[in-house]
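Here's the structure we're looking at; comments come further down.
Each reported figure results from applying straightforward, stated rules to the coordinates on display, with no laboratory input. It should be emphasised that the depicted structure is a prediction, and the values quoted were computed from it without experimental measurement. So basically every Cβ, Gly included, is an ideal-geometry build from the backbone, and we count neighbours across all protein chains shown.
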Amino acid sequence: MTQTVLVLTDEEDRTASRVTAELALRGIPVARLDATDFPVKVSMSAEISTGGMWSGALTEVETDREVVNLADVGSVYYRRPTQFTLPEGMSRPEQLFAYGEARRGFGGVMQALGGVRWVNDPVAAARCEYKPNQLAAAAAVGLHIPRTIITNEPERAHHWAKELARPIVYKPLAGIWHGDEGQIRVIYTSPVTDADELLDPALGRTAHLFQQQVDKEHEARAVVVGDRVFTVAIDAASEAARTDWRSDYDALSYRTIDLPDDVSVRLVELHKRLGLVFGAADLIRDTSGRWIFLETNQSGEWGWLASKVGISVAGALADLLSKEARQ
């Protein structure tokens, strides 16, 4: 029997829709839902006993329609599920308790499904959120990385910058600022124009990441799917985009390229080391022709690149997800 691919993501995720469409063309059953649907819109009952595995189903609350039988799940495409939505009328302490129980119950059953292939495994994905972990793994597999310091000590940051004697940039470790009243904004890479700025006592309030600025020929996004690597060069035509291409998409142009074999091999090995089967890695080709690894995103976007240059990431993901995984 053909096993079902369970897709966990929000309903607006067009990138995931590319993959579900590819799976549908192949006749692969797909069940798509978002964690926010539990427990108000989707319910779960799962059972286990000695010598067995978790069995049961996810069901629509309103219609009692079965969304997916857990025994049928062969792989899970874990993209970007949003937070659980709890029933109205609960107090704050009740919400905190109920949310934790939902995470450990619903999330725990999902992770404990026997013999299921994850793209990506949630635990590995969570671990990969830490840039220091990524940089250490990249260095270990032989990828070039920028000189980097993470510190909250102004004097140490200033001494490092002076000793380096090269232009440096500040990069947020997460990249998202959660402001008051639900306001959210992205923090982009920014040059540090004067090392004396690092002596600001405010730097001591939290950890900061500074890197040597790389002289760029151009940047690239390399999408790793299993042992395959799809790479798109990103050429920037504005100063803002040259510093951080995410800040000015209108100034970008794209072209497919092939990475040197040794770089591709090391990217695949990096993702295996991180426990990932998918990642969208950001690279710089410097003016000397070297490829520099910046970071990888375990749920990174590639849909807009597929629209621009036609890379077949959806097909590669469908290949991975449709392989029989249960023992």
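Which cross-chain or sequence-distant (5 or more) residues have an amide H under 5 Å from the amide H of D121, H modelled 1.01 Å from N in plane?
Here the answer is V277, since their amide H atoms fall under 5 Å of that of D121.
How many nm separate the modelled label positions at D200 and A174, each set 7 Å beyond the Cα in the direction of the Cβ?
1.9
Using each residue's phi in the stretch 90-95, evaluate 6.51 cos²θ - 1.76 cosθ + 1.60 at θ = phi - 60° and report the 3J(HN,Hα) Karplus result to the nearest Hz, with x for Gly and Pro.
Once θ is set to phi - 60°, the couplings for the stretch 90-95 become 8, 6, 4, x, 5, 4 Hz.
Using each residue's phi in the stretch 192-201, evaluate 6.51 cos²θ - 1.76 cosθ + 1.60 at θ = phi - 60° and report the 3J(HN,Hα) Karplus result to the nearest Hz, with x for Gly and Pro.
Result, ordered by residue: 9, 7, 9, 4, 5, 4, 6, 7, 4, x Hz.
Calculate the radius of gyration of the Cα atoms of the stretch 214-298 to one decimal place, then report Dmax, the largest Cα-Cα distance, as a whole number, both in Å.
Reported Rg and Dmax, both Å: 12.7, 36.
Convert each backbone phi in the stretch 281-293 into a coupling constant with the Karplus relation 6.51 cos²θ - 1.76 cosθ + 1.60 (shift: θ = phi - 60°), then list the ³J(HN,Hα) values in order as whole Hz, x for Gly and Pro.
So the Karplus estimates, Gly and Pro as x, are 8, 9, 10, 10, 9, 7, 5, 9, x, 7, 9, 10, 7 Hz.
Mind checking the angle between helix 131-140 and the chain's longest principal axis? C-alpha axes, 0 to 90 degrees, to the nearest 10.
Taking the Cα atoms of the chain, the angle to 131-140 is about 80 degrees.
Using 0.36 nm per residue of separation minus the Cα-Cα distance, give me the extension gain between A237 and D215 in nm, one decimal. Intermediate values should be presented prior to the final figure.
Values: separation 22, 0.36 × 22 = 7.92 nm, distance 1.53 nm.
Taking A237 through D215 to full extension adds about 6.4 nm, to one decimal.
Under a no-solvent Debye model with one identical scatterer per Cα of the chain, what's log10 I(q)/I(0) at q = 0.07, 0.10, 0.16 Å⁻¹?
So the normalised log intensities are -0.35, -0.69, -1.39.
With an 8 Å cut-off on Cα pairs and a minimum separation of 6 or more residues, tell me the relative contact order of the chain in percent.
Working: 586 pairs, mean separation 61.5, N = 327.
Across the chain, relative contact order equals 19 percent.
Over the stretch 4-119, what portion of Cα pair distances is larger than 22 Å, expressed as a whole percent?
So the pairs more than 22 Å apart make up 35 percent of the total in the stretch 4-119.
K272: which lysines have alpha carbons under 29 Å from its alpha carbon, excluding same-chain residues fewer than 8 sequence positions away?
K131, K171, K216, K308, K323
If one computes the Cα centroid of the stretch 16-37 and of the stretch 87-146, what distance in Å separates the two points?
21
Note down the nm distance, to one decimal, between modelled labels 7 Å out along Cα→Cβ at K308 and at A24.
Result for the modelled spin labels: 2.7 nm.
Taking amide hydrogens as modeled 1.01 Å from N in the peptide plane, which residues meet the under 5 Å criterion relative to T82, leaving out close sequence neighbours?
Close amide H contacts, sequence-distant or interchain: D10, A35, T36.
Which whole-number percentage describes the relative contact order of the stretch 214-298, with Cα contacts under 8 Å and a sequence gap of 6 or more?
Once divided by the residue count of the stretch 214-298, the mean separation gives 36 percent.
Using a Gaussian network model of the chain with C-alpha springs under 10 Å, which one of V277, V313, V192 is most mobile by mean-square fluctuation?
Comparing V277, V313, V192 in the GNM, the peak value goes to V192.
Expected output is a single nm value to one decimal: the length gained when fully extending between V123 and I48, i.e. 0.36 nm times separation in residues minus the C-alpha distance. What is it?
24.8 nm
Whose amide H sits under 5 Å from the amide H of A57, counting only residues 5 or more places off or on another chain, with H placed in the peptide plane?
Under 5 Å from the amide H of A57: S45, L70.
Considering every Cα-Cα pair within the stretch 182-327, what fraction, in whole percent, is farther apart than 28 Å? Write down the numbers at each step before the final one.
Details: 3034 of 10585 pairs.
For the stretch 182-327, the share of Cα pairs beyond 28 Å comes to 29 percent.
Under a cut-off of 15 Å between alpha-carbon atoms, report the aspartates and glutamates in cross-link reach of K41, not counting same-chain residues fewer than 8 places apart.
D10, E11, E60, E62, D64, E66, E88
Which residues does a label at V40 reach in the stretch 47-82, if reach means a backbone N under 18 Å from a point 7 Å past the Cα toward the Cβ?
Backbone N within reach: 59-64, 81-82.
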